[in-house]
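Below is one structure; the comments refer to it alone.
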Amino acid sequence: MKILVFIKQVPDTEDVKLDPRTGNLQREGVKSILNPLDANAIECAMQLKARYGATVVAISMGPPQADAVLKKALALGCDESCLLSDRAFGGADTLATSYTLAKAAEKIGDYDLLLFGRHATDGDTAQTGPATAAWLGIPQITLATSLDVRDGWVVCTREIEDRIETVRAKLPTAVTVCDTINEPEYPTPKNIMKALKKPRYVWNAADLGADTRLTGIPGSPSSTKTVFEPPKGNTDTRYFEGSPAEIAVQFVDMLEREHAL
Amino acid sequence: MKENYSGIWIFAEQRQGVLNPVVFELLSKAQELKSVTDETITAVLLGSGVSGLADELIARGAERVLIAEHEALSVYSARPYQQALTQLVERYKPSILLYGATSQGRDLAPRMMVALQTGLTADAIDLGYDEDGVFFQATPAYGGKILAHIVILEKRPQMATVRPQIFDPLPPDSTRRGEIVTETVEVAGDGDYEVLACAPKPEGTQPIDRAALLVSGGRGIKHETDFAMLDELARLLHGQLASSRPPVDQGWLPHEKQIGQSGTTVKPAYILNVGISGSVQYQVGMQNAACIISINHNPDAPIFGISQYGVVADYRKVVPAIIAEICKRKA
């Protein structure tokens, strides 16, 4: 079985701030990390590899420094890595990104399973997985909370809204996984050493045979016009004060007045 | 050419013949957008044996209902739905196409983006026209710390998934009139995707997003057992227990209970926040509650900035007193 895991380098959301003067994102001093949900996708691939045997290829699109998350993927047990890096890929929305990822999957070929984290913590779109499946013309299972492969089908549970679905899709297929699907492992020193010897590819648009009218900014129908911080609240708050019993009387009076009781 | 596209379309998500409430919220917002551009509002209904839902869509603000029925559409599956909807869009050329950011909408819309080669904004929390008359979608990024205005300048339709519980639906009005159009579509069933089983979630894990009252606990809750106290208060008020992210990360409550950017967006009539400071990520998920009441020992907690009522105190003293007072009045 050949498994492709698609991962992304994202800014640590705890660090993200807007420059108060320019209104742009402050990038200096912001740590870059592996998108946390992508660790669940990698762990999922590792469990399948342990159970059934598999070649696992980690793929990421980004600038040269995005190679850091691919190194981590190799240290976590992936067998090969592909960095998709080209100035022509910059500024991509999810349509252009998914096109580029699909071209990489085509170049690798013979894939059985494409794994994605449910969403990336920077854009929060959750679109790239299903969109990549659409470019490749293969089925998809989104929001998987368990995953197994049986007789050429991938079987998943999905906990959605008020129900739990069990679904299956014929390989090759794409699956996006939730954070509840597993507990990601940490890289071991032995695996970090092993990772140094694994094949690492860097591909540009020409290597992928990608049409650069469909990548990066030219291939992106949507664009960000402005970014700003959400407005802060300034509601007039009515406070209840006194002993706990006095507060409780005022509080329950309020609940009655507001018809909450 | 984008000039050839007009009209606002709402994807009328249904499951087992029941419309998702987000459809009514989107129809209501479409009425507001129409006041700017005077575009026709169309609800697009896919399924099998669902034409009876058309009147409900009209009563909620649709001026036209497009119905495409096919056996392959009886249970939702991404590829048959994408085929059917793509054919309708290519036939009618709407300018805007909106989906609820539900599990179904978020499954279907990215495939529509590729099929139609247009833009798709994820998880919008507002829609409107900016000073240049350009349609924008406001969407949170970086865990809700930042809001972005996204625009789709050249490609059509302009598409977005929109968060449930953001816009108020119009009350149903059976005197509204609308056109019902039945269309045929050519759809191949998807033999490569199958729903094997579907079961309701176990009792006690009912979704928090449709509860009228929530009692929500956060990082300030010191002990797992204190959630039993909050649960008791929720039950006394005929509401449900919810939480911010830290208690879920602790493993004290399941993820279904989590309000916020990485959890569920809620819009209850009442929310009681206990031991919640009010991070941006949390506020994004509950700021549209009609009545916000907060208990926190820290007078500077940001949650008070959006609360109508506040108590600055130790919840371990105040909450038992409130429970006792309610029981006294009920007796």
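Of all residues being charged (D, E, K, R) and free of Cβ contacts under 8 Å to residues at least 40 places away in the same chain in region B:238-271, which is most open to solvent (accessible area, probe 1.4 Å)? Just the residue, please.
Only one residue fits best here, namely B:245.
Here is a list: B:215, B:274, B:318. Which entry is of a type outside the set (Phe, Trp, Tyr), crowded, with 17+ Cβ neighbours inside 10 Å and touching a Pro at 6+ places or on another chain (Cβ under 9 Å)?
Testing whether each residue is of a type outside the set (Phe, Trp, Tyr), crowded, with 17+ Cβ neighbours inside 10 Å and touching a Pro at 6+ places or on another chain (Cβ under 9 Å) leaves just B:318.
A quick yes/no check of all residues on (1) within 14 Å of chain B (Cβ to nearest Cβ); (2) closer than 27 Å to residue A:223 by Cβ:
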residue	(1), (2)
A:11	yes, yes
A:19	yes, yes
A:42	no, no
A:61	no, yes
A:65	no, yes
A:73	no, no
A:84	no, yes
A:103	yes, yes
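Kindly state which helices (runs of 4 or more DSSP H) lie completely within region B:1-94 and contain at least 1 residues that are touching a Gly at 6+ places or on another chain (Cβ under 6 Å).
B:22-37, B:54-59
Could you check how many residues of region B:103-114 are within 7 Å of another protein chain (Cβ to nearest Cβ) and either crowded, with 22+ Cβ neighbours inside 10 Å or farther than 18 Å from residue A:141 by Cα (or both)?
The total comes to 6.
Filter region B:124-143 down to residues that are at the interface with chain A (Cβ under 7 Å from one of its Cβ atoms) and touching a residue at least 24 places away in the same chain (Cβ under 8 Å) and give me whichever is surrounded by the fewest Cβ atoms within 10 Å (Cβ to Cβ).
Once the filter is applied, the top-ranked residue is B:143.
Applying the selection to region B:36-63, what residues are modelled with pLDDT of 95 or more and closer than 20 Å to residue B:138 by Cβ?
B:39, the sole residue that qualifies.
Restricting attention to region B:155-194, report how many residues are open to solvent by 60 Å² or more (accessible area, probe 1.4 Å) and either facing another protein chain (nearest Cβ under 7 Å) or polar (S, T, N, Q) (or both).
The number of residues fulfilling the criteria is 6.
Being without any contact (Cβ under 8 Å) to a residue 60 or more places away in the chain and buried (at least 20 other Cβ atoms within 10 Å of the Cβ) narrows it down to one of B:66, B:120, B:85, B:98, so name that one.
Of B:66, B:120, B:85, B:98, the one residue that is without any contact (Cβ under 8 Å) to a residue 60 or more places away in the chain and buried (at least 20 other Cβ atoms within 10 Å of the Cβ) is B:120.
So, in region B:26-40, exactly how many residues are touching a Lys or Arg at 6+ places or on another chain (Cβ under 9 Å) and surrounded by 24 or more Cβ atoms within 10 Å (Cβ to Cβ)?
1
Against the condition within 12 Å of chain B (Cβ to nearest Cβ), open to solvent by 20 Å² or more (accessible area, probe 1.4 Å), part of a strand (DSSP E or B) and touching a helix residue (DSSP H, G or I) at 6+ places or on another chain (Cβ under 9 Å), how does residue A:201 come out, does it pass?
Considered against the rule, which asks whether it is within 12 Å of chain B (Cβ to nearest Cβ), open to solvent by 20 Å² or more (accessible area, probe 1.4 Å), part of a strand (DSSP E or B) and touching a helix residue (DSSP H, G or I) at 6+ places or on another chain (Cβ under 9 Å), residue A:201 comes out as no.
Go through region A:234-248 residue by residue and tally those that are open to solvent by 70 Å² or more (accessible area, probe 1.4 Å), touching a Phe, Trp or Tyr at 6+ places or on another chain (Cβ under 6 Å) and either among the aromatic types (Phe, Trp, Tyr) or part of a loop (DSSP other than H, G, I, E, B) (or both).
Residues in region A:234-248 being open to solvent by 70 Å² or more (accessible area, probe 1.4 Å), touching a Phe, Trp or Tyr at 6+ places or on another chain (Cβ under 6 Å) and either among the aromatic types (Phe, Trp, Tyr) or part of a loop (DSSP other than H, G, I, E, B) (or both): 0 in total.
Taking only region A:213-235 into account, find how many residues are of a type outside the set (Lys, Arg), more than 8 Å from chain B (Cβ to nearest Cβ) and over 24 Å from the mean Cα position of the chain (by Cα).
Summing the residues that are of a type outside the set (Lys, Arg), more than 8 Å from chain B (Cβ to nearest Cβ) and over 24 Å from the mean Cα position of the chain (by Cα) in region A:213-235 gives 1.
Scan region B:214-225 for residues that are at pLDDT below 95 and either outside any loop (DSSP other than H, G, I, E, B) or among the hydroxyl-bearing types (Ser, Thr, Tyr) (or both) and jot them down.
Of everything in region B:214-225, just one residue is at pLDDT below 95 and either outside any loop (DSSP other than H, G, I, E, B) or among the hydroxyl-bearing types (Ser, Thr, Tyr) (or both), namely B:225.
Could you grab me the full set of residues in region A:31-47 that are over 11 Å from the mean Cα position of the chain (by Cα) and outside any helix (DSSP H, G or I)?
Once the filter is applied, which keeps residues that are over 11 Å from the mean Cα position of the chain (by Cα) and outside any helix (DSSP H, G or I), region A:31-47 yields A:31, A:32, A:33.
Go through region B:303-323 and report how many residues are more than 7 Å from every other protein chain (Cβ to nearest Cβ) and more than 22 Å from residue B:269 (Cβ to Cβ).
Here the count works out to 3.
Tell me the residue from A:166, A:142, A:180, A:173 that is touching an Asp or Glu at 6+ places or on another chain (Cβ under 6 Å), facing chain B (nearest Cβ under 8 Å) and not charged (D, E, K, R), please.
Of the residues listed, the single one that is touching an Asp or Glu at 6+ places or on another chain (Cβ under 6 Å), facing chain B (nearest Cβ under 8 Å) and not charged (D, E, K, R) is A:142.
Over 18 Å from the mean Cα position of the chain (by Cα), open to solvent by 20 Å² or more (accessible area, probe 1.4 Å) and at the interface with chain A (Cβ under 7 Å from one of its Cβ atoms), is that true of residue B:146?
no
Checking the condition open to solvent by 40 Å² or more (accessible area, probe 1.4 Å) and more than 27 Å from residue A:183 (Cβ to Cβ), which residue from B:324, B:301, B:289, B:313 passes?
That would be B:324, the only listed residue that is open to solvent by 40 Å² or more (accessible area, probe 1.4 Å) and more than 27 Å from residue A:183 (Cβ to Cβ).
With a cut-off of at least 3 residues that are open to solvent by less than 30 Å² (accessible area, probe 1.4 Å) and among the hydrophobic types (A, V, I, L, M, F, W, C), name the strands (runs of 3 or more DSSP E) lying wholly within region A:81-188.
By residue number, A:113-117, A:140-150, A:153-160, A:173-177.
Aliphatic (A, V, I, L, M), open to solvent by 60 Å² or more (accessible area, probe 1.4 Å) and without any contact (Cβ under 8 Å) to a residue 60 or more places away in the chain - does that describe any residue in region A:213-233?
For region A:213-233, residues aliphatic (A, V, I, L, M), open to solvent by 60 Å² or more (accessible area, probe 1.4 Å) and without any contact (Cβ under 8 Å) to a residue 60 or more places away in the chain: absent.
Given the conditions (1) assigned by TED's automatic domain parsing to the domain that holds residue B:298; (2) crowded, with 16+ Cβ neighbours inside 10 Å, report the number of the one that residue B:223 does not fulfil.
(2)
Can you find, within region B:277-286, the residue that is most open to solvent (accessible area, probe 1.4 Å) among those that are within 12 Å of another protein chain (Cβ to nearest Cβ) and assigned to a loop (DSSP other than H, G, I, E, B)?
Among them, the one singled out is B:279.
Hey, residue B:201 hits all of (1) within 14 Å of chain A (Cβ to nearest Cβ); (2) basic (Lys, Arg); (3) open to solvent by 60 Å² or more (accessible area, probe 1.4 Å) but one; which does it fall short on?
Just one mismatch for residue B:201, condition (3).
The values are calculated or read from the model by the stated rules, or taken from the named source; none is laboratory data. Since we're looking at a predicted model, the values are computed, not measured. Heads up, the Cβs are rebuilt from the backbone with ideal geometry, glycines too, and the neighbour counts pull from every protein chain shown. Calculation scope for accessible area: heavy atoms of the full protein, side chains included, ligands and nucleic acids excluded. Shrake-Rupley method; radii C 1.70, N 1.55, O 1.52, S 1.80 Å.
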